[in-house]
Structures are given as structure tokens and as C-alpha cells.
Amino acid sequence: MTGHVALVSAGPGDPDLLTVKALRLIRAADAILYDDLSARAILDHARADARLIDVGKRAGRPSCKQGVICAMLVDLALGGARVVRLKSGDAAIFGRLEEELLALRAAGIAHEVVPGVSSASAAAAAARIPLTRRLTARRVQFITGHDVNGKLPESLNLGALADPEATTALFMGKRTFPELARRLIAAGLPPETPALLAESISQPGQRLTRSTVAALAAMLADGPGEAPGLILYGPLAEMQP
Ligand SMILES: C[S@@+](CC[C@H](N)C(=O)[O-])C[C@H]1O[C@@H](n2cnc3c(N)ncnc32)[C@H](O)[C@@H]1O
């Protein structure tokens with residue numbers, strides 16, 4: 001009997017932010033493939049005899065090649081396993097979901113995607129601010145701060161990114177934010193636009209830095225640090241201390 005693969009959103013790290021469906025699948029899984037951003041606490045819910053496979057996909061560190069991960073998912077399912085592929089935040093956002101879906105489809109493996117809490121939503125919740133505001137932030141955009149070479153993507157839509165009426169959530173962008181900020185300010189975004197750096201959200205080392213676009217860029221130019229971080233900027237509501 002062929003098994004099944006569930007591509008499960010792990011949320012930002014705190015097991016309390018898993019969906020009920022994600023928890024049910026994790027508890028039933030024969031094998032779980034996870035990456036470093038999926039906090040270990042979530043794996044405590046796995047069966048004692050489940051195979052836990054670290055495929056570490058965190059930027060800047062050695063990780064399994066995407067093709068190897070796809071092949072593992074297919075092989076495990078062909079062997080009859082119920083497989084969970086845990087993906088940080090929401091699986092559909094900057095998570096290489098498409099490659100895994102295509103591999104499973106091509107191999108004829110039954111699969112499903114389980115949505116979850118993105119670090120963008122979790123960052124706003126941690127700072128107790130909304131992502132949209134009725135009159136001042138009518139649009140939210142999710143962008144990546146690095147391309148396949150780890151550099152700031154060339155094809156930036158600066159008109160959209162410097163829109164003073166949009167909230168922007170920047171993923172994987174701590175290292176490139178100084179350059180992005182320089183280009184945003186040159187495109188007309190006021191340097192004093194509010195910005196939030198949310199690091200290790202919902203994990204033990206969670207840290208929120210409330211700042212402005214210009215001041216945060218200056219801070220990150222001195223060293224972005226290792227912790228996973230998400231940056232929100234735009235007409236952010238007043239943040240709670
Ligand atoms: C490969 S992307 C995955 C995004 C994920 N699918 C999501 O919806 O949050 C990894 C980036 O997500 C952000 N991220 C994920 N988990 C985080 C956390 N617990 N705290 C802060 N940022 C996080 C960081 O910007 C990190 O570089």
C-alpha cells in the first residue's frame with residue numbers, strides 16, 4: 001500500500017500555534033521531515049517510534065538539496081509510510097512548496113497541504129499590532145529579501161515597496177535590509193517610516209525591536225545576527241512595549 005504525504009505548516013515555533021489538524025497528523029506520522037526553523041518542541045508530539053529526519057533548510061547553513069528532500073518524500077510514501085513534511089510558518093509562503101507538490105504529483109502519491117500561521121501574522125500578533133489598518137494600510141505585501149544567490153532580488157517593484165499605504169512583511173531580509181532601505185528611501189519612502197524587527201518569534205529567544213526604516217537599516221548594517229527574523233515596515237499602528 002502506498003502511503004501519504006502531508007505538507008504541514010509548523011507555524012513560527014510555539015506548538016500552541018499549530019493547527020489541530022497539524023497536531024493530529026504529527027501524532028500519527030511514521031516519518032517527519034523537518035527543518036531547523038521548526039522548533040524541536042513541536043517534535044515532542046511525534047510518536048516515540050516515528051522517524052525524525054532533519055533536512056535543515058535554514059539559509060547560510062548546509063542543508064539537504066531540494067531534490068533529495070523530494071526524493072525522500074516519494075520513497076517514504078512508496079514504502080507505505082504516513083509522512084509529514086513540516087515547513088516553518090505557513091507552508092505556502094517562501095517554503096519551496098511547489099517543488100514538493102510537483103514531485104508528489106508526478107509520482108502519483110496521495111498528498112495534502114495543511115495551512116498554518118505565518119511568521120508575518122505571528123510577528124504582528126507578538127507586537128500586538130494589526131497588519132492592515134482601516135484608513136492607512138489597505139494593502140499587505142509579503143516579499144523576500146534574498147534571491148537564489150542570497151542577494152537582494154534585482155527585480156524589486158520599488159513603486160509598490162515604497163508605497164506609504166502598504167504594510168510590507170520582509171522574509172529572509174535581515175542581511176539585505178540596509179541596501180533595501182537605501183533604495184526605498186531613494187524611491188520616496190520617508191526614512192522615519194515605522195519598522196519592526198521580530199526575531200525568533202514565539203520561541204524562547206523572541207525579541208522585538210521597534211524602530212524606523214532608517215534606524216533599523218543602520219542597526220542591521222552593524223551585524224544582522226543569526227536568529228531568524230522578519231521585518232515589518234509601513235504605517236504600522238503604535239506598538240505596545
Ligand atoms: C524560508 S522562509 C519561510 C517562511 C515561512 N513559510 C512563514 O510563513 O513564516 C524563512 C524566513 O521566515 C521568517 N521566519 C520564519 N520563522 C520565524 C520565526 N520564528 N521568527 C522570525 N522569523 C521567522 C524569517 O524571515 C526567515 O528567514
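Could you please find all residues in region 88-125 being crowded, with 20+ Cβ neighbours inside 10 Å, small (Gly, Ala, Ser) and in a strand (DSSP E or B)?
The one that is crowded, with 20+ Cβ neighbours inside 10 Å, small (Gly, Ala, Ser) and in a strand (DSSP E or B): 89.
Tell me which residues, restricted to region 9-54, are of a type in the set (Lys, Arg), free of Cβ contacts under 8 Å to residues at least 12 places away in the same chain and under 25 Å from residue 230 (Cβ atoms). Break it down into steps so the answer makes sense when it comes.
Taking region 9-54 and keeping what is of a type in the set (Lys, Arg), we get 21, 24, 27, 40, 47, 51.
So of that shortlist, the ones also free of Cβ contacts under 8 Å to residues at least 12 places away in the same chain come out as 24, 40.
Hit for region 9-54 is 40, nothing else.
Based on what the data block shows, is residue 229 on the phi > 0 side of the Ramachandran plot and modelled with pLDDT of 95 or more?
Working: on the phi > 0 side of the Ramachandran plot: no; modelled with pLDDT of 95 or more: yes.
Answer is no for this residue.
I'd like the full set of residues that are among the aromatic types (Phe, Trp, Tyr) and part of a helix (DSSP H, G or I), limited to region 162-180. Working first, answer last.
Our first condition is that a residue be among the aromatic types (Phe, Trp, Tyr); within region 162-180, this holds for 171, 177.
If the condition is that a residue be among the aromatic types (Phe, Trp, Tyr) and part of a helix (DSSP H, G or I), then 177 is the only one that fits.
Identify the single condition in (1) small (Gly, Ala, Ser); (2) surrounded by fewer than 21 Cβ atoms within 10 Å (Cβ to Cβ); (3) in contact with a Ser or Thr (Cβ under 8 Å, 6 or more places away or on another chain) that residue 46 does not satisfy, given that it satisfies every other one.
(3)
In region 181-226, which residues are β-branched (Val, Ile, Thr), part of a strand (DSSP E or B) and away from the ligand (no atom under 16 Å from the Cβ)? Write out each step before concluding.
Going residue by residue through region 181-226, those that are β-branched (Val, Ile, Thr) are 185, 193, 201, 209, 212-213.
Next, from what is left, pick out any that are part of a strand (DSSP E or B): 209, 212.
212, the sole residue that qualifies.
Would you pick out the residues in region 157-184 that are touching a residue at least 60 places away in the same chain (Cβ under 8 Å) and in contact with a helix residue (DSSP H, G or I) (Cβ under 9 Å, 6 or more places away or on another chain)?
166, 167, 168, 169, 170, 171
The values are calculated or read from the model by the stated rules, or taken from the named source; none is laboratory data. Values in this document were obtained by computation on a predicted structure and should not be read as measured data. Here Cβ is always computed from backbone atoms with ideal geometry, including for glycine, and neighbour counts include all displayed protein chains.
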